[in-house]
């Protein structure tokens with residue numbers, strides 16, 4: 001199984017264009033001059049991913065006040081993202097990456113292990129991108145719960 005190539009802090013964030021929960025194309029480079037948090041999660045409407053999304057949602061005002069937009073990315077379909085967004089009244093864009101192209105560019109897909117079994121899957125990961133499009137944080141294998149609080153501490157928010 002291939003090990004995901006991890007991105008380094010200070011490197012340029014790979015640009016991408018994905019479709020969000022309402023069918024609009026979202027391009028990372030269109031955020032140039034602004035800060036963005038891009039987080040990758042395995043599956044919409046599952047307990048861990050719901051908790052993580054709700055944490056981002058409840059911290060959104062503080063993140064936005066610090067200048068960050070939030071983008072959530074998963075392999076789910078646009079339709080599933082739309083259900084997730086509506087069900088939990090999420091106020092940030094959820095982007096569909098069903099072919100995992102962007103996950104792989106960010107090293108957010110690779111070998112995982114659970115209960116002694118190894119398999120390929122989404123690595124829950126979060127990236128903070130600065131105004132110049134460079135990575136100021138690259139966090140891999142984060143926990144769904146408590147992650148946003150930890151992220152705020154690391155970003156000094």
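What follows draws every value from the coordinates through simple rules; no lab data is involved. Since the structure is predicted, the reported quantities are computational estimates derived from the model, not experimental observations. Neighbour counts run over all protein chains shown; Cβ positions are idealised from the backbone, glycine included.
How far apart, in nm, are two points set 7 Å out from the Cα along the Cα-to-Cβ line at residue 157 and at residue 62?
Here the answer is 0.9 nm between the modelled labels.
Antiparallel versus total DSSP beta bridges in segment 17-154: what percent is that, nearest 5?
Around 65 percent of the beta bridges assigned by DSSP in segment 17-154 are antiparallel ones.
Return a whole-number percent for the relative contact order of the chain, with Cα pairs under 8 Å and 6 or more residues apart as the contact set.
Relative contact order for the chain comes out at 33 percent.
Between 31, 39, 119, which gets the highest mean-square fluctuation from a Gaussian network model of the chain, Cα cutoff 10 Å?
Greatest mean-square fluctuation among the candidates belongs to 119.
Alpha carbon centre of segment 7-39 versus segment 106-157: separation in Å?
15
Looking at the chain as a GNM with Cα springs under 10 Å, which of 145, 101, 46 has the largest mean-square fluctuation?
Comparing 145, 101, 46 in a Gaussian network model of the chain, the most mobile one is 46.
Given 0.36 nm per residue, what is the gain on full extension from residue 117 to residue 12 after removing their alpha carbon distance, in nm?
Full extension of this stretch gives 34.4 nm more.
Using label points projected 7 Å from each Cα along Cα→Cβ, tell me how many nm separate residue 143 and residue 86, to one decimal.
According to this spin-label approximation, the distance is 3.4 nm.
With viscosity set to 1.567 mPa s and temperature to 4 °C, compute the Stokes-Einstein D of segment 68-128, Rh being the Kirkwood radius across alpha carbon pairs; µm²/s, no decimals. Before the final figure, lay out the partial values.
Numbers: Rh = 12.8 Å.
Stokes-Einstein gives a translational diffusion coefficient of 101 µm²/s.
Arrange the following residues from fewest to most other Cβ atoms within 10 Å of their Cβ: 81, 114.
114, 81
Running a GNM on the chain with Cα contacts under 10 Å, which residue among 44, 62, 128 ends up with the highest mean-square fluctuation?
Comparing 44, 62, 128 in a Gaussian network model of the chain, the most mobile one is 62.
How would the chain be classified by its alpha-carbon gyration tensor: rounded, prolate or oblate, with rounded meaning a/c under 1.5 and the a/b versus b/c comparison settling the rest?
Note, shape of the chain comes out rounded.
To the nearest 500 deg cm²/dmol, what mean residue ellipticity at 222 nm is calculated for the chain from DSSP H runs of n ≥ 4 alone, each contributing -39,500 (n - 2.57), summed and divided by the residues?
Taken over the chain, the calculation gives -7000 deg cm²/dmol.
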